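The values are calculated or read from the model by the stated rules, or taken from the named source; none is laboratory data. Just so you know, these numbers come straight off a predicted model, no measurement behind them. Every residue, glycine among them, receives a Cβ derived from its backbone with ideal geometry; neighbour counts consider all protein chains shown. Keep in mind that these areas ignore ligands, DNA and RNA; they rest on the heavy atoms of the full protein, side chains included. Shrake-Rupley method; radii C 1.70, N 1.55, O 1.52, S 1.80 Å.
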Amino acid sequence: MLRVTLGKSDATGVKADLLAVPVFADRVPGPGAAQAMAALGSSLDPLLDARGFTGKAGDVVVFPTLGHLPATMLALVGLGDRDKVDAEALRRAAAAAVRSAGSARKAVTTLAQALPGSPAVAARAVAEGAHLAAYRFDKYKAKPNGTQPPGRLQSLVVAAGDGKKAALAAAVAAGEARAAATNLARDLSNEPANNLHPADLAEAARKLAGKRVTVKVKDEKALAREGFGGILGVGQGAAHPPRLVELTYRPENAKGRVVLVGKGITFDSGGLSLKPADSMGGMKTDMSGAAAIIGVMSVLGDLGVEVEVTGYLASAENMPSGNAIRPGDVLTMKNGKTVEVLNTDAEGRLVMADALALGAAAKPDAMVDVATLTGACMIALGPRIAGLMSNDDALAAELLDAAADAGELAWRLPLPDEYHKEIVSDVADLKNVGQRWGGALTAGLFLKEFVDGRPWAHLDIAGPSRSEAEDGYLPKGSTGAAVRTLLSWLERRGSSS
């Protein structure tokens, strides 16, 4: 695991395998860059011209220092326009430095990074971005003699300027906590489905007990006894029974109560409405919403969040068998509403509805659910942007601001009343699908039926939950989407109440 420490204010004096210094657009040097480049003893301009380095965001160029600096190599990391550098730009710059360390010909185990801007803001962002970029899911790869892979970055020294040490240490710790929560969600979502069933997801949640979090688990018998028809219906075709997990965080003098709900379909075959083979490959990550909630709950105490939070993980496997729900079956949900299931591959909204109904009964101040819910949202917004739907404008604005702070893209979509007729059934209160067009919106309207009028928002992360290639601090595979958005939202909600 990457270790982050605070170093001396003069970055050029740090002994490391690689020293990364920031450069703004048009090659305007950032903190430490002019001194580091001057120490090399000759103009770098011809080399920078040859490599096309201008200092735009994402530019990285690495040189050997040939003994002119305590660091073995020097990386110039582009930040773009100086006036537009924010926390996200710093996260991405840290990620670029970590990536350059990983691709260096010589093994790099120690990286030093100089910071521009507000020392505390920069320290938090760099610690966060570095940990996110250093993430690897390789537990199933052979490791000769149990050693780390060659070149794996082990430590980062943050040259944080003249800021107060206590404030800087707290900022680094906060950045590390946010990244650790995200990486926990990534680990869970990357786990193969044969090793992560609903009971295993519940066990992962139980590991949070004692971190100021209490955990309760409802098995299939309790779910039947208490009327969770949606979760039971989706899970009834699988050999591994469903679970509903409740996690509660109660700080002293809590400033309000919120409920988080995560979709935990540990594998989605589509059920009897079977998916094509090509569409099943990534379905082990269909529990990314539940993984995000576990990640969030794991660090609330570390971050000192002053809001009471209850998280629900609605978990099942959606499998075809002689016991599976059939198109045309009717389920009775936790709040008593009946649902005609016309497509068993629209199962996420069924498990989420039960958990939302349970959460709404406690009358929280706000509810947010997170789910890889619809391919329709990906068609509308592409693979990187989450769809946000809400019955409360103020809550929607809070979440959009939090997403911007976290560097996670989100776009608000409508919940049009005129589309409600699409989910009205001829034989039950509701049906679980409408027409093909506007499928993300009708799914949101379906969930709205189970929140009992509480302020509520739905985050559809079907696109951003998974990446097909490394990009910045995003790895290939699970991204841990929505964890940092929710943490930013909860931190702000606690401090402003």
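For the structure I just gave you, tell me whether ASP49 is surrounded by fewer than 21 Cβ atoms within 10 Å (Cβ to Cβ) and free of Cβ contacts under 8 Å to residues at least 24 places away in the same chain. Yes, satisfied. Taken as a whole, the structure places LEU395 among residues that are closer than 30 Å to ALA89 by Cα and in contact with a strand residue (DSSP E or B) (Cβ under 8 Å, 6 or more places away or on another chain).
Only one of the listed residues (VAL28, VAL23, VAL77, VAL61) is more than 24 Å from SER155 (Cα to Cα) and among the hydrophobic types (A, V, I, L, M, F, W, C). That residue is VAL28. In the set (1) part of a helix (DSSP H, G or I); (2) at pLDDT below 95, the condition left unmet by GLU418 is number (2).
Figure legend. Inter-residue proximity from the range 266-288: first residues free of Cβ contacts under 8 Å to residues at least 40 places away in the same chain and farther than 16 Å from VAL351 by Cβ, second residues among the hydrophobic types (A, V, I, L, M, F, W, C) and crowded, with 17+ Cβ neighbours inside 10 Å, beta-carbon distance below 9 Å, spacing 6+ or different chains. Indicated pairs: MET280/PHE267.
Of all residues in the range 155-171, those being farther than 18 Å from THR485 by Cα and at pLDDT 90 or above number 9. Given the conditions (1) modelled with pLDDT of 95 or more; (2) at positive phi, and given that ASN194 satisfies all but one, which numbered condition is not satisfied? Just one mismatch for ASN194, condition (2).
Among the criteria (1) open to solvent by less than 10 Å² (accessible area, probe 1.4 Å); (2) at pLDDT below 95, the one ASP471 does not fulfil is (1).
Among the numbered conditions (1) within 30 Å of ARG92 (Cα to Cα); (2) out of contact with any Asp or Glu (no Cβ under 8 Å at 6 or more places or on another chain); (3) not aromatic (Phe, Trp, Tyr), the only one that ALA386 does not meet is (2).
Within the range 249-258, the set of residues being closer than 22 Å to HIS458 by Cβ and open to solvent by 10 Å² or more (accessible area, probe 1.4 Å) comprises GLY256, ARG257. Here the helices (runs of 4 or more DSSP H) wholly within the range 188-257 that include at least 3 residues being touching a strand residue (DSSP E or B) at 6+ places or on another chain (Cβ under 6 Å) and of a type in the set (A, V, I, L, M, F, W, C) are 198-206. Exactly one residue out of ASP471, ASP401, ASP393, ASP417 is closer than 30 Å to ALA179 by Cβ and free of Cβ contacts under 8 Å to residues at least 12 places away in the same chain: that is ASP471. Looking only at the range 57-71, residues that are in contact with a strand residue (DSSP E or B) (Cβ under 7 Å, 6 or more places away or on another chain) and farther than 18 Å from GLY407 by Cα come to 9 in all. Hey, any hits in the range 329-348 for a residue that's of a type in the set (A, V, I, L, M, F, W, C), open to solvent by less than 10 Å² (accessible area, probe 1.4 Å), assigned to a strand (DSSP E or B) and more than 30 Å from ALA174 (Cα to Cα)? The answer is yes, given that some residue of the range 329-348 is of a type in the set (A, V, I, L, M, F, W, C), open to solvent by less than 10 Å² (accessible area, probe 1.4 Å), assigned to a strand (DSSP E or B) and more than 30 Å from ALA174 (Cα to Cα).
Within the range 310-321, at least one residue is farther than 17 Å from GLY230 by Cβ, of a type in the set (S, T, N, Q) and either in contact (Cβ under 8 Å) with a residue 40 or more places away in the chain or touching a Leu at 6+ places or on another chain (Cβ under 8 Å) (or both).
Out of all the residues in the range 428-449, is one or more farther than 30 Å from PRO327 by Cα and either modelled with pLDDT of 95 or more or not in a loop (DSSP other than H, G, I, E, B) (or both)? No: zero hits. Of the residues in the range 9-21, at least one is of a type outside the set (Asp, Glu), open to solvent by 30 Å² or more (accessible area, probe 1.4 Å) and under 33 Å from the mean Cα position of the chain (by Cα).
Scan the range 270-289 residue by residue and report those that are of a type in the set (Ser, Thr, Tyr) and buried (at least 24 other Cβ atoms within 10 Å of the Cβ).
Filtering the range 270-289 for residues of a type in the set (Ser, Thr, Tyr) gives 273, 279, 285, 288.
Matches in the range 270-289: THR285, SER288.
Among residues belonging to the range 449-497 that are among the hydroxyl-bearing types (Ser, Thr, Tyr) and under 15 Å from the mean Cα position of the chain (by Cα), point out the one that is farthest from ASP302 (Cα to Cα). Among those residues, the one meeting the criterion is SER467.
PRO455 passes every criterion in (1) within 28 Å of PHE137 (Cβ to Cβ); (2) open to solvent by 10 Å² or more (accessible area, probe 1.4 Å); (3) at pLDDT 95 or above apart from (1). For the structure I just gave you, tell me whether ARG105 is charged (D, E, K, R), modelled with pLDDT under 90 and either within 20 Å of ASP471 (Cβ to Cβ) or surrounded by fewer than 24 Cβ atoms within 10 Å (Cβ to Cβ) (or both). Yes: the conditions hold for ARG105.
Pull up the range 349-399, narrow it to residues that are assigned to a loop (DSSP other than H, G, I, E, B) and among the small types (Gly, Ala, Ser), then point me to the one that is least open to solvent (accessible area, probe 1.4 Å). Filtering first and then ranking leaves GLY382.
Condition check ((1) open to solvent by 10 Å² or more (accessible area, probe 1.4 Å); (2) within 25 Å of the chain's Cα centre (by Cα)) across all residues:
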{"position": "GLY55", "(1), (2)": "no, no"}
{"position": "LEU69", "(1), (2)": "yes, no"}
{"position": "ARG82", "(1), (2)": "yes, no"}
{"position": "ALA95", "(1), (2)": "no, yes"}
